[in-house]
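Scroll down for the structure; my scribbles are underneath it.
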Amino acid sequence: MTTDPAPYLRHIQACRNADPARSRLPFRLGATQVGWLDPALRDEVLALGAREDSDGICLAQPADLPIIAGVLAARGRFADRHELFDVRATPDGPALTQIDRGALPAFGIEGRGVHMNGLVQRADGLHLWVARRGADRPLDPGKLDHLVAGGIPAGLDARATLIKEAGEEAGIAPDLAAEAVLVGDISYVMDRPEGLRRDRVFCFDLTLPDSFVPRAVDGEAAGFELWPIERVRDQVRDTDDFKFNVNLVLIDLFLRLGVIKGEAIEKALLF
């Protein structure tokens with residue numbers, strides 16, 4: 001039987017609600033477009049050394065970008081997260097420069113991250129570890145989350161980030177985290193309160209022993225619970241309790257496991 005797609009499509013559509021070409025200014029480093037600038041920042045960015053032409057806003061020297069972002073953060077235009085991300089024109093292209101994570105939405109630059117499904121096979125069926133985000137998180141405090149998730153900082157790839165985050169967020173040993181399987185990636189373009197989110201999420205599955213109990217090492221998670229996969233499905237279907245992008249990774253998991261079925265959902269997720 002085909003699953004009613006509407007409850008799942010709403011999450012996908014919510015994460016793909018933006019058309020930057022209609023609302024933002026193309027932003028280039030040299031001749032290469034890397035993002036979409038918030039028009040509210042146009043005059044300040046031009047005053048700080050960028051130029052404007054018929055193709056948008058251009059910064060001749062990529063190394064000037066982190067300097068400009070730092071000035072704007074100091075002016076309170078966005079929050080400085082004190083974590084550098086690589087700036088790329090394409091997902092597999094070289095890093096052209098670096099920028100603070102907090103500046104990514106203002107410049108519409110793609111951010112990359114990892115999410116991991118922490119799976120446990122029990123006698124009564126498949127279970128998934130679910131985290132609760134801490135109340136002090138700058139984004140989506142208190143929302144439900146994956147066992148492990150995080151942005152890919154400058155200089156690291158997806159797997160190295162996953163192993164690092166697994167230890168910091170859930171107390172998973174590196175040798176166990178290294179067993180995680182990369183199952184794909186999901187991208188979206190989304191208007192959020194912090195600006196334009198152009199994100200690419202690398203999705204991993206890790207089957208954990210029944211004896212494993214996660215620990216909130218760095219305090220990003222307020223705690224963890226082990227849920228039957230059907231409960232996770234129902235929570236995604238019926239509520240908005242999970243962090244926005246976690247829903248997409250879980251929908252992908254449900255499709256791969258056959259927990260939900262539907263061509264419309266598959267096509268929407270793969271877009």
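Here, each number is a calculation from the coordinates, and none is a lab measurement. It should be emphasised that the depicted structure is a prediction, and the values quoted were computed from it without experimental measurement. For neighbour counting, all protein chains shown are included, and Cβ atoms are generated from backbone atoms with ideal geometry for every residue, glycine included.
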Query raised in the report: Got a sec? How would 186, 57, 67 order by Cβ neighbour count within 10 Å, fewest to most?
Result: 67, 186, 57
**Report entry** Value of D in µm² per second that Stokes-Einstein yields for segment 52-164, Kirkwood Rh from Cα pairs, at 4 °C (1.567 mPa s)
**Finding:** 79 µm²/s
Requested in this report: Could you grab the relative contact order for segment 179-233? Cα pairs under 8 Å, six or more apart, rounded to a whole percent.
Outcome: 28 percent
Report summary line: Counting only DSSP beta bridges with both partners in the chain, the antiparallel fraction in percent, to the nearest 5, comes to 75 percent
**Report entry** Relative contact order for the chain, counting Cα pairs under 8 Å that sit 6 or more residues apart, in percent
**Finding:** 22 percent
Report task. Give me the lysines in straight-line cross-link reach of residue 143: C-alpha distance below 24 Å, same-chain residues under 8 apart excluded. Result -> 164, 243
Query raised in the report: For residue 32 and residue 187 in the same chain, what is the full-extension length gain: residue separation times 0.36 nm, less their Cα-Cα distance, in nm?
Result: 53.8 nm
Report task. Throw me the Rg/Rh for segment 25-107, computed over C-alpha atoms with Kirkwood Rh, two decimals. Result -> 0.92
Report task. Run the quick spin-label model on residue 215 and residue 178: label points 7 Å from Cα toward the beta carbon, then report their separation in nm to one decimal. Result -> 2.1 nm
Report summary line: The set of residues whose placed amide H lies less than 5 Å from the amide H of residue 28, leaving out same-chain residues fewer than 5 positions away, is 34, 57, 58, 59
**Report entry** Amide H contacts under 5 Å for residue 188, placed H, 5+ residues apart
**Finding:** 199
